[in-house]
1. Spin-label point model (7 Å from Cα, Cβ direction): what's the Leu3 to Leu68 distance in nm?
2. Using r as the Cβ-Cβ distance of Thr113 and Asp28, and R0 as 45 Å, what FRET efficiency do you calculate, to the nearest 0.05?
3. Tell me, what is the percent relative contact order of the stretch 1-66, built from C-alpha pairs under 8 Å that lie six or more residues apart?
4. Highest mean first, how do 112-119, 32-39 rank when packing is the count of other Cβ atoms within 10 Å averaged over residues?
5. Run the quick spin-label model on Thr40 and Val137: label points 7 Å from Cα toward the beta carbon, then report their separation in nm to one decimal.
6. Quick one: 3J(HN,Hα) in Hz for the stretch 21-28, Karplus 6.51/-1.76/1.60 with θ = phi - 60°, rounded, Gly and Pro as x.
7. Please list, in chain and number order, the residues 5+ apart from Leu82 or on another chain whose amide H is under 5 Å from its amide H, with Hs placed from the backbone.
Amino acid sequence: AELAPDVVLMDIRMPELGGIEATRRITDATPHIKVLVLTTFDLDEYVYEALRAGASGFLLKDASAEQLAEAVRVVAAGDALLAPGVTRRLIAEFSRLNGTPRTPLKSRVGDLTERETEVLALIAQGLSNAEIAEHLVVAEQTVKTHVGRILVKLGLRDRTQAAVFAYESGLVRPGGGR
């Protein structure tokens, strides 16, 4: 807190305070600080909980120094970052949970315009702004505007939280369908 970094690199397993609880405390107390979590294949069960705690991204521990530096830059810029394998496992976790959509979240989707809802669904499917722009045949800046409005309307911090919201609200189903 004293140093107020832009990004905190968080390990999941730590001796005194676990990474999920530490992430929750950091993001609750200082929402402007982004948390990038390091994970390994055997810690998959923690990915979902860390996202819900406010993590902005995940990188596997075997990432190169160059990948790590780029991940920090991406998260610092306000974008979400999920290693491809983590994204697949996150979707599998949503499939495993396969519960009914949480009603309070589902009702908040109604605050979005039809286009914003479409953009949110595409974010949840892992598309970048450029890919969404191409898919919707609009300018990338238009997509950025929609993303910004989605985050404000739903009170979300970043694209990662938007993707989690889309799944939890039932807007998107595991496997990419709406």
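1. So the two model labels end up 1.4 nm from each other.
2. About 0.90, to the nearest 0.05.
3. It comes to 34 percent, rounded to a whole number.
4. Averaged packing, sorted descending, gives the order 32-39, 112-119.
5. For Thr40 paired with Val137, the spin-label model returns 5.0 nm.
6. So the Karplus estimates, Gly and Pro as x, are 5, 4, 4, 4, 5, 5, 6, 6 Hz.
7. Those qualifying (amide H under 5 Å, at least 5 residues apart or on another chain) are Phe58.
Where a number appears in this text, it was derived from the coordinates with a stated rule and is not lab data. Note that the structure is a prediction, hence the values are computed from the model and not measured. Note that we place each Cβ from the backbone using ideal geometry, even for glycine, and neighbour counts take in every protein chain shown.
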